[in-house]
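First the structure, in the form of structure tokens, and then the observations on it.
Nothing in this text is a laboratory measurement; each read-out follows from the coordinates by a stated rule. What you see is a predicted model, and the numbers here were worked out from it, not measured in a lab. Cβ placement follows ideal geometry from the backbone for every residue including glycine, while neighbour counts extend to all protein chains displayed.
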Amino acid sequence: MKLWLEKRHLDLKVNWKLSRNQTTFKENFIVHLETPRGHFLSEIAPNIRYGETVEGIEKQFAAFLNSVDLNLIDSDLTLTGFLNTSDLFHSLRFGLESAFLSDIANKKSLSLSQYLGLPKPVKVATSFSMPITSIGEIKDYLAPLGRFQSLKIKVDAESGEEMLKEIKKHTSVKLRVDANEGWKDLDQFLKFEESLKGMNIELIEQPFPSSMVNEYKELKKKTSHVLLADESIEDVGNFSELSEQFHAINIKLMKTGSLIGACELLNQAHQHHMKAMIGCMIETSIGISYGMLFGGLVEYVDLDGFLLIKDEPFRLVDETEGILSLN
């Protein structure tokens, strides 16, 4: 049994600008697991929001290899035991777990979805994302995106209102407003929300930092929009608290760190009468293919990360007219 990482430099089609940072490329890792049953791939997409770095991934992976006998990993129980004894970044944990679970499922002559107790993956409509963009570039950015049923718009407190007013001139599709914790004041955000009247707003995602719990509780009482938690939930969540702040959660495998954990988060969300989105980081179609396992189980799908990569190398997922399917 062999396990190794392949670092991939991924140039992006656009300058990916959020409220907290911007970049024109990503550096991800492809996980390679070679066993007697085959060669299994997964992905690691480190996110600086959670303190994850390329160097940190490499260091933690080396420590994991030195501490674990890979040949002892023969079930999800032993796998979870090894992963839980290591202090791993969530994206690294996901990359390792998903590769090994693929092998374990194969050993039982099951698909990964069957092994996890999930239905067979289905074709799903995804939103497509727009980074924070200058007003003069919005029309051209939107021009080729008419095939998508919804757009996810990255905004900040400085330019969000102006961006959305310009976007309204060029499209009438549903808009998912993603603030990435860009607001620090409740009253200021409520004024911004007033400017959204007359727009086709499907939801608003994480307007404040996750620490602003009281502001979220107050906003939920006042807003007419669906509030979606992203940075406020990672691998675990206090759903009694979350349900007082939000209407829905965004499950991203790279921040959840586990397919098994994602199943549990989805179950808990629905038990607390909350909706769910399956989301992603900027990932190749390897990472997105794992997200597709949940596409038919959630109310919102945002799996466009691979579409933002210039010359995406693996082509495991197809997008046609805004609809995703596994190749």
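Tell me the trypsin sites (Lys or Arg not before Pro) within the stretch 106-136 that lie in a loop according to DSSP and have at most 12 other beta-carbon atoms within 10 Å. List each step's numbers first, then the result.
Numbers: sites: 107, 108, 123; in loops: 108, 123.
When the trypsin sites (Lys or Arg not before Pro) of the stretch 106-136 are filtered for loop state and at most 12 Cβ neighbours within 10 Å, 108 remain.
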Residues in the stretch 294-325 reached by a label modelled at residue 122 [backbone nitrogen below 16 Å; 7 Å Cα→Cβ]: 294-302, 323-325
What residue among 46, 207, 144 has the largest mean-square fluctuation in a Gaussian network model of the chain, using Cα springs under 10 Å? 144
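Sequence gap of 8 or more, or different chains, plus Cα separation below 16 Å: how many lysine pairs satisfy both in the stretch 2-115?
Here the count comes out as 4.
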As I understand it, the dipole of the chain uses +1 on the Cβ of Lys and Arg and -1 on the Cβ of Asp and Glu, about the Cα centre. Which of 127, 320, 268 lies farthest toward its positive end? 320
Convex hull around the C-alpha positions of the stretch 118-211: the volume in Å³ per residue is 111 Å³
Residue-span extension gain [residue 135 to residue 321] - 0.36 nm each, minus C-alpha spacing: 64.4 nm
Whole-Å semi-axes of the ellipsoid equivalent to the stretch 2-115 (Cα gyration tensor, √5λ, descending): 28, 16, 12
Within straight-line cross-link reach of residue 221, lysines at Cα separation under 20 Å, skipping those fewer than 8 residues along the same chain: 184, 191, 197, 275
Taking the mean number of other Cβ atoms within 10 Å as a proxy for protection, how do you rank 306-318, 271-283 from highest to lowest? 271-283, 306-318
Largest to smallest principal axis extent of the C-alpha atoms in the chain, angstrom: 58, 42, 37
Magnitude of the Cβ-charge dipole of the chain, K/R +1 and D/E -1, about the Cα centre, nearest 20 debye? 680 debye
How much length, in nm to one decimal, is gained on full extension between residue 111 and residue 222, taken as 0.36 nm per residue of separation minus their Cα-Cα distance? 35.5 nm
Mean Cα-pair separation over length for the stretch 124-326, i.e. relative contact order, pairs under 8 Å, 6 or more apart, %: 18 percent
Counting each DSSP H run of 4 or more residues in the chain as -39500 (n - 2.57), what helix-only mean residue ellipticity at 222 nm follows after dividing by all residues, to the nearest 500 deg cm²/dmol? -10000 deg cm²/dmol
Span from the the stretch 1-47 Cα centroid across to the the stretch 97-165 one, whole angstrom: 16 Å
Mean separation of Cα pairs under 8 Å and 6+ residues apart, divided by the residue count of the stretch 2-115: what relative contact order is that in percent? 23 percent
By how many nm would the segment from residue 12 to residue 214 lengthen if fully extended, with 0.36 nm per residue of separation less the alpha-carbon distance? 69.0 nm
If 225, 247, 90 are placed from fewest to most neighbouring beta carbons inside 10 Å, the sequence is 225, 247, 90
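Expressed in nm², what is the orientationally averaged projection area of the convex hull enclosing the Cα positions of the stretch 88-140? Walk me through the numbers before you get to the answer.
Values: hull surface 26.3 nm².
It is 6.6 nm².
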Which of 48, 249, 138 moves the most in a Gaussian network model of the chain with Cα springs under 10 Å? 48
With N residues in the stretch 224-324, what two-decimal value do you get for its Cα radius of gyration over 2.2 N^0.38 Å? 1.09
Charges only on Cβ, +1 for Lys and Arg, -1 for Asp and Glu: so what's the dipole of the stretch 1-145 about the Cα centre, in debye to the nearest 20? 460 debye
